[in-house]
1. Just to check I understand the Karplus step: with θ = phi - 60° and J = 6.51 cos²θ - 1.76 cosθ + 1.60, what whole-Hz values come out for region 36-49, glycine and proline as x?
2. Which residue, Gly94, Gly64, Gly74, has the most motion in a Gaussian network model of the chain that connects Cα atoms within less than 10 Å?
3. Accessible area per residue of region 4-167 at 1.4 Å probe, in Å²?
4. Evaluate 2.2 N^0.38 Å with N set to the residue count of region 4-167, then give the Cα radius of gyration divided by it.
5. Dipole of region 1-63, Cα-centred, from +1 at each Lys and Arg C-beta and -1 at each Asp and Glu C-beta, to the nearest 20 debye?
6. Once amide H atoms are placed 1.01 Å from N in the peptide plane, what residues at a sequence separation of 5 or more from Thr27, or on another chain, have their amide H within under 5 Å of its amide H?
7. Assign one of three labels to region 115-158, namely rounded, prolate or oblate, based on the Cα gyration tensor with a ≥ b ≥ c the square roots of its eigenvalues; rounded applies when a/c is under 1.5, prolate when it is not and a/b is larger than b/c, and oblate otherwise.
8. Per DSSP H run of n ≥ 4, the term is -39500 (n - 2.57); total these for the chain, divide by its residue number, and report the mean residue ellipticity at 222 nm rounded to 500 deg cm²/dmol.
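The values are calculated or read from the model by the stated rules, or taken from the named source; none is laboratory data. If you're wondering where the values come from, they're calculated on a predicted model, not measured in any experiment. Note that we place each Cβ from the backbone using ideal geometry, even for glycine, and neighbour counts take in every protein chain shown. Just so you know, the surface numbers come from the protein's heavy atoms only, side chains and all, with ligands and any DNA or RNA stripped out. Shrake-Rupley method; radii C 1.70, N 1.55, O 1.52, S 1.80 Å.
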Amino acid sequence: MADWLRLAGVVDESIVDGPGMRMVLFTQGCPHRCRGCHNPETHLSVGGRVHTVAELAGRYRAHGSLDGITFSGGEPFLQPGPLATLAAAIHEAGGSVISYSGHVYEALLEKAKSCPDTARLLAATDLLIDGPYVESLRSLELPCRGSSNQRLIPLTPVGRELLNQIEDGL
Ligand code: SF4
């Protein structure tokens, strides 16, 4: 299993990528090519920078005041193994895990049947924000989403709390 990730960027503190103060990883590589994508520099799988899971987990713990981590993109589910391992470390540190995907949840569940790492990442995700960005459905009103087709799907009790906080505007 890979113990490293290819990332387009890391933000150590964000208050706009889910409830609380969160670390955000912008994963490198995305197959979806949504029209109007705001992160086109993440599309190629060969760009970005390599980070080890241990480095990122240590960086998270060293901060000391984070509420969780958000996996953004790019397409996080292109690198499910190391992200699942990192997510477990974040949970051990008391944080929550939000992941975006340009795939819909049903497609990820199907993939998980033949890809153990996809299953692990789904199991380690508290709140999934799924689906591609659809420019014709763009909305600035929706918290944590760019277009109205995208869904906030809690996968754990913690994810349900995160969803409640988002819906309450926290
Ligand atoms: S899934 Fe996200 S990163 Fe990928 S093309 Fe669509 S909007 Fe851009």
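1. x, 3, 8, 10, x, 5, 8, 5, 6, 6, 9, x, x, 10
2. Among Gly94, Gly64, Gly74, the largest mean-square fluctuation in the Gaussian network model of the chain belongs to Gly64.
3. The answer is 47 Å² per residue.
4. Compactness ratio reported: 0.95.
5. Roughly 180 debye for region 1-63.
6. Counting only residues 5 or more places away or on other chains, the set is Ala8, Ser72, Gly73.
7. Verdict is oblate for region 115-158.
8. Rounded to the nearest 500, it is -9000 deg cm²/dmol.
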